[in-house]
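Quick notes on the structure that follows.
The values are calculated or read from the model by the stated rules, or taken from the named source; none is laboratory data. Fair warning: this is a prediction, and the values are worked out from it, not measured in the lab. FYI the Cβ positions are ideal-geometry reconstructions off the backbone, even for glycines, and counts take in every protein chain you see.
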Amino acid sequence: GERLELVDRWFAGSGMFGGREVAYLVDDNDVLELDIASLDLVPIIGASDNEGFLGRIDVARNTFAMVSGVGDSLWVEFYDQDLDLITSTRDSGATYTSVALSPDGSIAAVGLETELHTPRNVALVDVATGRQLDWWSAPADAVIGDVDFDGMFIVAPLGYPGDPDRPPELLVVNTTSGEISTVVTSAHIDLS
């Protein structure tokens, strides 16, 4: 593989995939896999294999998940260890902005846009079928930045575009009980 050079490449995700610790970079719509142990960088999905935008990537065990899109449409594609497509949320009618897999790779937490083209919801999706299992909303004036998922809790950073002085918060969803909390992560300090 190619040696690591971070020129015009952006980080898209990392984790254990197929028994290896890996990181993913996107370079001009090519997905590159970095083997953390050897630092070998290998292209795994070429620009000709996808139609447009590539976004967040997550991996768990033998599942690879990737946000893809064209124009205003964004969806999640789920692949097996051989990078064969398992399923896609493309035809669901929803717009997916981020993805995080459960540790066993069977369930994904996703960020969803509302009709205002703003990511304000999180949901659980079954990886095998692409079917949405449940969903929760962030506070009405909040925007979700990304999602993380440990198999029970979805955690998403919240931003408040209309209130730049508001301290950073996290949305925390207990997917077992359905309980939703927001947690202030730091106090705003005015240095003026």
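Table for the structure above
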read-out	value
Residue match in region 89-97 (condition: part of a loop (DSSP other than H, G, I, E, B), surrounded by fewer than 14 Cβ atoms within 10 Å (Cβ to Cβ) and free of Cβ contacts under 8 Å to residues at least 12 places away in the same chain)	yes
Members of region 151-180 that are polar (S, T, N, Q) and either outside the structural domain of PRO103 (by TED's automatic domain parsing) or buried (at least 17 other Cβ atoms within 10 Å of the Cβ) (or both)	THR175
Unmet criterion (only one of (1) touching a strand residue (DSSP E or B) at 6+ places or on another chain (Cβ under 9 Å); (2) part of a loop (DSSP other than H, G, I, E, B)) for ASP163	(1)
Odd one out for ASP104, checked against (1) in contact with a strand residue (DSSP E or B) (Cβ under 9 Å, 6 or more places away or on another chain); (2) under 20 Å from LEU54 (Cα atoms); (3) surrounded by fewer than 15 Cβ atoms within 10 Å (Cβ to Cβ)	(2)
Residue tally, condition farther than 12 Å from THR182 by Cβ and either in a strand (DSSP E or B) or at pLDDT 90 or above (or both), over region 140-158	9
Any hit, region 110-133, residues being under 12 Å from the mean Cα position of the chain (by Cα), of a type in the set (A, V, I, L, M, F, W, C), closer than 22 Å to GLY19 by Cα and outside the structural domain of ALA23 (by TED's automatic domain parsing)	no
Those residues of region 25-34 which are in a strand (DSSP E or B) and modelled with pLDDT under 90, in sequence order	LEU25, VAL26, ASP27, ASP30, VAL31, LEU32
Flag if GLY55 is exposed (fewer than 13 other Cβ atoms within 10 Å of the Cβ) and modelled with pLDDT under 90	no
Given (1) under 18 Å from the mean Cα position of the chain (by Cα); (2) outside any strand (DSSP E or B); (3) hydrophobic (A, V, I, L, M, F, W, C), index of the condition ALA37 fails	(1)
Number of positions in region 115-139 that are in contact (Cβ under 8 Å) with a residue 12 or more places away in the chain and outside any strand (DSSP E or B)	8
Filtered residues of region 146-180 (kept if farther than 23 Å from MET16 by Cβ and either touching a Cys at 6+ places or on another chain (Cβ under 9 Å) or in contact (Cβ under 8 Å) with a residue 40 or more places away in the chain (or both))	LEU171, VAL173, GLY178, ILE180
